[in-house]
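Chemist: Could you have a look at this structure, given as structure tokens, before my questions?
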Amino acid sequence: MLGEGIIKGLLETARNFVGSYVSKERLTTVQYPEERWEAPEASRTFPFLVYDGDEWLAGLRCTSCQICEKECPPKCIYIEKSADKKPDAVGKMQFYPTRFDIDISVCMSCQICVEVCPFDSIKMDRIFELSTDDRFEGLILDRQKLAKSNSYYHQIHPTEAAEVDAALASERAAAAAKAKAAAEAVAAKAAAAKAAAENAAPAGGGA
Amino acid sequence: MSPVFYLLAAITIAGGLAAVLLKKLVHCALAAAAAFAGLALLFLSLDAQFAGFVQFLVYLGAVAILIVFAILLTRNAEEQDGGLFSRTWFAGLVVAAAVFAVIGWAVLRSGSVLPNQLAVPTATVRDIGVALMGRYVLPLEIVALLLTAATIGAVIVAMHEKEGEQ
Amino acid sequence: MAQNLDQIFVLLTGWMVSYLPEWLRPYGVAVLGVVGVLAVYVTLFALTTWFERKGLGRMQNRYGPNRCGPFGLFQPVADGIKALTKEDLVPRSADQVVHFLAPLVLLIVICMGLAILPVGRNMVLVDMDAGLLFFFALGASTELSVFMAGWSSRNKFSLLGAMRAIAQMISYEVPLLLSAISAVMIAGTLSLPKIVEAQAGFSGILPHWYVFTPWGFAGAVIFGIAAKAETNRCPFDLPEGESELVAGYFTEYSGFKFAIFFIAEYLGMFSISSVSVTLFFGGWGAPLSFLTFIPSWIWFFAKVLTIIFVFIWVRATLPRLRQDQLMNFAWKFLLPLSLINLGVTALWRFMGDGWQRWIVCAAIVIVSYIVLGLWGMRRQHVAPRKYSYAD
Ligand code: SF4
Ligand code: SF4
């Protein structure tokens, strides 16, 4: 019959109307400043830069390769490369950013910068209370504001951070092994050369 | 003649003149609506409530809207060059004056506007209804038939798509 | 005592005016009445915006506004301050004069409509012989101001919204008028206070309201639906559908002009609900015979607020219609039903007193409702649309 559905709907809303006063469970919203809702692990807002250890500048993983700057769709990352080098997370000597700014008024939280970074340096943050009274300077985050420790990263995205750490550790181990092998090779080479020289001398003497 | 009459007359005449003289068609239509409203208020100030309200309902609610719709649906762009008044304002004025002359002549010729008529006839809504349903029932029905025919015609014109093609 | 309380505003006006010189008294009465009616309705408007947001929230299992003052009661004040302090933007290509006039015309016309409402016994500002006609005449004038707003903004959304609004208002004005006429036919007058008087009296403890008759019930429902469409309320809010047209015909209005549109919408809702209370729900009459000691004006506003609550309730329940559904509903369902209802009303009038007319009239109304409903809901063959001119 015509109107049946309307009456059913009206009854449903009436039940909500009365029910929301009777039982608290029906109320689905959170009273924000007082009550807070735990955001899911995969939620994201804006990017930040991870550093290892305690010194933020020394531990910065970013090698200033500028891939993220090129890939960012709205072009909201600005990077200046350093002239000198410092050891990166793996221990190799790399450049580091003397300037790393993200304009979060432009950033669209697409996470592409995170996907393309080959050094696991840039990750997505979960903070959202970023309002400021200066809409120009206040919304540009420089490298110091962007730098957050690895333990913070573990805190907000535990699963992902553990994976990243494992990968980095294996890379570090590989690098260490390679370095060791190289050192051994160098040592072996040197020893071989020395031996050859020693062998050659008697031979020469013999000739 | 009270100040109210002069005010309303001024509104009506200004609206009418603007409707004839202005450049933008929509402005003309709105000015015509203002003239209709002034006329309706004139009826009201003469204590002819029914006529006044019907003037409001029919002329403001239907005729003005119809004109506006017709303008919107038929022309899409308007000339943007400046000037407040239409270039053909003189022709418009002449046509308006001619219509006014004809109506004025007819009014003056008819006998019912003798100035010595003292008793104001009071016509309530009920009287008008009784008259429409009694003495004037035949004209009323003929008008109704005509309008029905016009509506059906409009529907048929608009119903261009043939049933069989669906 | 109850008598005095009932007439308290009439007596108060008389007392205040008695201090004025003789020749000023009619003007004094007029000014006091206008100020009183406007004050009451504007207060009601403020309360209703709060009430609507609260009610909508609760119906969707939310709290609604609860930050400004106790229970969020000062929310309307905050909204008003916000609207007043906002910048008033006018698009550069807009038609400045018409753009400025549109909200004013709308507000004036709507406020004029408040003058004829009988809000209590002996409490009506202007008692007109053709009050109902006056109301509908004003309703017709609001269409023009809607068009002015939409056209002068020079914005596609505004223009589309205005066209939709006008098409919708014209379509739904027909069932609105036809359903109102059935009450007029029984009462035999177009004057609103007289229509209220015609519904006075009780049989037993039940009142003689028109809504308690078959034709009156159908008329009240049709009137209510058409009234919702006339005031552009959900589910008939296509002219201002946010998801399609930003805000429809007042997209380009900001600051206080926007607030004027908002006020006008709500005042229009009040006046049309007041008229429906007057026509079908006995105006200021008490609902049960032993409740007559409560002043008439309390009953009137209680009934108006009840109708407003139903409006809000429906808004929280139904989704927005599509344009073709809107037109089909008006022309293929409401119009025939209101025409049949008109015939039923005439039958009711000429069948005299007695129980037969109840059965006959109710049967006709119910059968026509079912038949029209089934016909309207029948499965339609949907085929790809053929365009006559486009290809
Ligand atoms: S999240 Fe997307 S928009 Fe934001 S900085 Fe990274 S790449 Fe750019
Ligand atoms: S954040 Fe990653 S991708 Fe961007 S410059 Fe630093 S190392 Fe390269």
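Chemist: Identify, please: which residue in the range A:84-123 is of a type in the set (Lys, Arg) and either within 10 Å of ligand 1 (Cβ to nearest atom) or closer than 15 Å to A:Leu146 by Cα (or both) and is, among those, surrounded by the fewest Cβ atoms within 10 Å (Cβ to Cβ)? I'd like the intermediate steps shown before the answer.
Modeler: Going residue by residue through the range A:84-123, those that are of a type in the set (Lys, Arg) are A:85-86, A:92, A:99, A:123.
Keeping just the survivors that are either within 10 Å of ligand 1 (Cβ to nearest atom) or closer than 15 Å to A:Leu146 by Cα (or both) gives A:99, A:123.
Numbers: A:Arg99: 12, A:Lys123: 24.
Only one residue tops the list, namely A:Arg99.
Chemist: Applying the selection to the range A:49-68, what residues are within 11 Å of ligand 2 (Cβ to nearest atom) and either more than 15 Å from the chain's Cα centre (by Cα) or open to solvent by 40 Å² or more (accessible area, probe 1.4 Å) (or both)?
Modeler: Residues of the range A:49-68 within 11 Å of ligand 2 (Cβ to nearest atom): A:49-50, A:60-68.
Passing the criteria: A:Cys65, A:Gln66, A:Ile67.
Chemist: Going through C:Val97, C:Val126 one at a time, which residue ends up being assigned to a helix (DSSP H, G or I) and out of contact with any Phe, Trp or Tyr (no Cβ under 6 Å at 6 or more places or on another chain)?
Modeler: Going through C:Val97, C:Val126 in turn, just one is assigned to a helix (DSSP H, G or I) and out of contact with any Phe, Trp or Tyr (no Cβ under 6 Å at 6 or more places or on another chain): C:Val97.
Chemist: Just for helices (runs of 4 or more DSSP H) wholly inside the range C:1-77: which have at least 3 residues that are closer than 30 Å to A:Thr29 by Cβ?
Modeler: Working: elements: C:2-6, C:8-17, C:25-59.
Output list reads C:25-59.
Chemist: Another question about this same structure. Name the residue, out of C:Leu138, C:Leu104, C:Leu133, that is over 14 Å from the mean Cα position of the chain (by Cα), surrounded by 22 or more Cβ atoms within 10 Å (Cβ to Cβ) and assigned to a helix (DSSP H, G or I).
Modeler: Working: C:Leu138 fails: over 14 Å from the mean Cα position of the chain (by Cα); C:Leu104 fails: surrounded by 22 or more Cβ atoms within 10 Å (Cβ to Cβ).
None of the others qualify; the one that does is C:Leu133.
Chemist: Identify all residues within the range A:25-38 that are more than 7 Å from every other protein chain (Cβ to nearest Cβ) and modelled with pLDDT of 80 or more; write none if there are none.
Modeler: Within the range A:25-38, the subset more than 7 Å from every other protein chain (Cβ to nearest Cβ) is A:25, A:30-38.
Across the range A:25-38, the qualifying residues are A:Val30, A:Gln31, A:Tyr32, A:Pro33, A:Glu34, A:Glu35, A:Arg36, A:Trp37, A:Glu38.
Chemist: Filter the range A:56-78 for residues that are within 11 Å of ligand 1 (Cβ to nearest atom) and farther than 13 Å from A:Val116 by Cβ; which is nearest to the other protein chains (Cβ to nearest Cβ)? I'd like the intermediate steps shown before the answer.
Modeler: Of the residues in the range A:56-78, the ones within 11 Å of ligand 1 (Cβ to nearest atom) are A:67-78.
Subsequent filtering for residues that are farther than 13 Å from A:Val116 by Cβ retains A:74-76, A:78.
Numbers: A:Pro74: 25, A:Lys75: 29, A:Cys76: 28, A:Tyr78: 33 Å.
That would be A:Pro74.
Chemist: Take the residues in the range C:150-163 that are within 12 Å of chain B (Cβ to nearest Cβ) and buried (at least 22 other Cβ atoms within 10 Å of the Cβ), then tell me which one is nearest to C:Leu89 (Cα to Cα).
Modeler: The qualifying residue nearest to C:Leu89 (Cα to Cα) is C:Ser152.
Chemist: Got at least one residue in the range A:4-18 being without any contact (Cβ under 8 Å) to a residue 60 or more places away in the chain, open to solvent by less than 20 Å² (accessible area, probe 1.4 Å), of a type in the set (Ser, Thr, Tyr) and in a loop (DSSP other than H, G, I, E, B)?
Modeler: no
Chemist: So which residues in the range C:212-249 are assigned to a helix (DSSP H, G or I), open to solvent by 10 Å² or more (accessible area, probe 1.4 Å) and either modelled with pLDDT of 80 or more or over 23 Å from C:Ile312 (Cβ atoms) (or both)?
Modeler: From the range C:212-249, those assigned to a helix (DSSP H, G or I) are C:212, C:214-230, C:238-240, C:242-245, C:248-249; that's our starting set.
Now narrow it down to the ones that are open to solvent by 10 Å² or more (accessible area, probe 1.4 Å): C:212, C:214, C:217-218, C:220-221, C:224-225, C:228, C:230, C:240, C:242-244, C:249.
Of everything in the range C:212-249, those that are assigned to a helix (DSSP H, G or I), open to solvent by 10 Å² or more (accessible area, probe 1.4 Å) and either modelled with pLDDT of 80 or more or over 23 Å from C:Ile312 (Cβ atoms) (or both) turn out to be C:Phe212, C:Pro214, C:Phe217, C:Ala218, C:Ala220, C:Val221, C:Gly224, C:Ile225, C:Lys228, C:Glu230, C:Tyr249.
Chemist: Still on this structure, I have one more. Give the residue, chosen from A:Ala169, A:Ala162, A:Ala174, A:Ala179, that is modelled with pLDDT under 85, away from ligand 1 (no atom under 16 Å from the Cβ) and aliphatic (A, V, I, L, M). Let's see the steps before the verdict.
Modeler: On the way: A:Ala169 fails: modelled with pLDDT under 85; A:Ala162 fails: modelled with pLDDT under 85; A:Ala174 fails: modelled with pLDDT under 85.
Sole residue among the options that is modelled with pLDDT under 85, away from ligand 1 (no atom under 16 Å from the Cβ) and aliphatic (A, V, I, L, M): A:Ala179.
Chemist: Something else now. Is at least one residue of the range A:40-55 outside any strand (DSSP E or B), facing chain C (nearest Cβ under 9 Å) and among the charged types (D, E, K, R)?
Modeler: Initially, the range A:40-55 is screened for residues outside any strand (DSSP E or B), giving A:40-46, A:52-55.
Of the ones still in play, those that are also facing chain C (nearest Cβ under 9 Å) are none.
No, that holds for no residue.
Chemist: May I ask you to say which residue of C:Phe51, C:Phe45 is within 30 Å of C:Val196 (Cβ to Cβ), within 14 Å of chain A (Cβ to nearest Cβ), hydrophobic (A, V, I, L, M, F, W, C) and out of contact with any strand residue (DSSP E or B) (no Cβ under 8 Å at 6 or more places or on another chain)? Show your work before the answer.
Modeler: Numbers: C:Phe45 fails: within 14 Å of chain A (Cβ to nearest Cβ).
The match here is C:Phe51.
Chemist: Evaluate the following for C:Ala183: is it closer than 24 Å to C:Leu326 by Cβ and either at pLDDT 85 or above or within 11 Å of another protein chain (Cβ to nearest Cβ) (or both)?
Modeler: Working: closer than 24 Å to C:Leu326 by Cβ: no; either at pLDDT 85 or above or within 11 Å of another protein chain (Cβ to nearest Cβ) (or both): yes.
For C:Ala183, the condition - closer than 24 Å to C:Leu326 by Cβ and either at pLDDT 85 or above or within 11 Å of another protein chain (Cβ to nearest Cβ) (or both) - is not met.
Chemist: Still on this model: Could you look through the range B:27-65, keep only residues that are farther than 18 Å from C:Thr142 by Cα, within 10 Å of another protein chain (Cβ to nearest Cβ) and not aliphatic (A, V, I, L, M), and pick out the one that is most open to solvent (accessible area, probe 1.4 Å)?
Modeler: Among residues in the range B:27-65 that are farther than 18 Å from C:Thr142 by Cα, within 10 Å of another protein chain (Cβ to nearest Cβ) and not aliphatic (A, V, I, L, M), the one most open to solvent (accessible area, probe 1.4 Å) is B:Asp47.
The values are calculated or read from the model by the stated rules, or taken from the named source; none is laboratory data. If you're wondering where the values come from, they're calculated on a predicted model, not measured in any experiment. When we count neighbours, we look across all protein chains shown, and the Cβ atoms used for this are built from the backbone with ideal geometry, even at glycine. Surface accessibility is based on the protein's heavy atoms, side chains included, excluding ligands, DNA and RNA. Shrake-Rupley method; radii C 1.70, N 1.55, O 1.52, S 1.80 Å.
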